[in-house]
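The values are calculated or read from the model by the stated rules, or taken from the named source; none is laboratory data. This structure is a prediction, so every number in the text was calculated from the model and none was measured. So basically every Cβ, Gly included, is an ideal-geometry build from the backbone, and we count neighbours across all protein chains shown.
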Amino acid sequence: MKKLALALVCFASIAFFASCTQETPNPTISVATQEGFIQNNDVVDVPSTCVFGFNVAAELNGKDLTKLYVTVSDGDTTMTWADLDLTALAATRSYAYVDSLELRRDIIGHVNINAVVTDAAGKTATASIAIDVNEPAQPLIARTFTWYRLGNTITGLDEYGLNWRGNYPRDTYAKLEPKDGVKLYIFNSEDWTNTTTDLEKAALFNNALETMTPAENYFNVNVTQANMTYDDVIGTVLADGTCHLIHVTSSKATYLGTQGTEITITGEAK
């Protein structure tokens, strides 16, 4: 009888020990795979709006879900995208989270969408979507321009951040100077020919800003000859960062007597 009692005590102890050490399972989370949803390792062009989602659930013997926390990181900053109280949503056993992310030109490179689900026991599960955001090159469309001067009447230069200084009878060349806060660069004719997309234009001006000394003026257009042709390329960077690549191709000077000399400078800009 004593042996049987001892065996029962041992069995009860083992059962009690097993029940104390048994752990509840973690919740589960997975990336939603519906058609049209972005997936891990996708490459996405901008601008675009991406739809994504996560499916979360409590395991059969797990505790109820309490929270879903989603962040978006572009490498420089991490933003809280969602902070959901699942108990308030009555989604304590499962929840399908769907959201969207607008990708713009200022978000280029690697982007991570991270999600963490937590249950009532404090256990967590995580899932993430890592995508590469790509900016496809856009072709540049050249537009024509005309810069005009007759006496103190000057038109066409403001858009490009330039002033026209001096227009006296003794002047042989037009003196075009950058406005305050504007940087002026003198490029080569090949720079115009080889710059055909927005990405090539950005690279050209980034290199200029990093390696070139801004010019004080552009001083090459003859204002005494009736007709002249050029293959001059200049660029301006405005205070707001706008860049203009300018190809000066011709000029015309017409003497109008007492009115002075009418001067036009024409070309194209990208």
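Can you name the residue in region 59-72 that is surrounded by 10 or more Cβ atoms within 10 Å (Cβ to Cβ) and farther than 16 Å from G122 by Cα and is also farthest from the chain's Cα centre (by Cα) among such residues?
V70
With the requirement that a residue be closer than 14 Å to V133 by Cβ and polar (S, T, N, Q), what does region 66-76 give you?
S73
Any idea which of (1) at pLDDT below 95; (2) more than 28 Å from the chain's Cα centre (by Cα); (3) not in a loop (DSSP other than H, G, I, E, B) is the one E102 doesn't satisfy?
(2)
Out of the residues in region 78-106 that are among the hydroxyl-bearing types (S, T, Y) and in contact (Cβ under 8 Å) with a residue 12 or more places away in the chain, state the one that is nearest to I131 (Cα to Cα).
The extreme case among them is S100.
Residues in region 108-138 that are part of a loop (DSSP other than H, G, I, E, B) and either among the acidic types (D, E) or within 27 Å of A269 (Cα to Cα) (or both): how many?
Residues in region 108-138 being part of a loop (DSSP other than H, G, I, E, B) and either among the acidic types (D, E) or within 27 Å of A269 (Cα to Cα) (or both): 5 in total.
Tally time: how many residues in region 78-98 are surrounded by 14 or more Cβ atoms within 10 Å (Cβ to Cβ) and touching a strand residue (DSSP E or B) at 6+ places or on another chain (Cβ under 6 Å)?
Counting residues in region 78-98 that are surrounded by 14 or more Cβ atoms within 10 Å (Cβ to Cβ) and touching a strand residue (DSSP E or B) at 6+ places or on another chain (Cβ under 6 Å) gives 6.
So which residues in region 19-41 are within 38 Å of the chain's Cα centre (by Cα), assigned to a loop (DSSP other than H, G, I, E, B) and surrounded by 15 or more Cβ atoms within 10 Å (Cβ to Cβ)?
Scanning region 19-41 gives N26, P27, A32, I38.
If you check N188 against the conditions, is it farther than 14 Å from I265 by Cβ, without any contact (Cβ under 8 Å) to a residue 24 or more places away in the chain and assigned by TED's automatic domain parsing to the domain that holds T258?
Answer is no for this residue.
It is to be established whether one or more residues within region 114-127 are free of Cβ contacts under 8 Å to residues at least 24 places away in the same chain and under 30 Å from T80 (Cβ atoms).
Yes: region 114-127 contains one or more residues that are free of Cβ contacts under 8 Å to residues at least 24 places away in the same chain and under 30 Å from T80 (Cβ atoms).
Can you tell me which residue in region 42-58 is surrounded by the fewest Cβ atoms within 10 Å (Cβ to Cβ), limited to those that are modelled with pLDDT of 95 or more and not β-branched (V, I, T)?
D42
Test G75 against the criterion of being touching a residue at least 24 places away in the same chain (Cβ under 8 Å), surrounded by fewer than 16 Cβ atoms within 10 Å (Cβ to Cβ), small (G, A, S) and outside any strand (DSSP E or B), and give yes or no.
yes
Return the residue satisfying two criteria in turn: it lies in region 145-184 and is closer than 14 Å to N220 by Cβ and of a type in the set (S, T, Y), and of such residues it is farthest from the chain's Cα centre (by Cα).
T172
I'd like to know if region 115-124 contains one or more residues that are in contact with a Pro (Cβ under 6 Å, 6 or more places away or on another chain) and over 30 Å from H247 (Cα atoms).
yes
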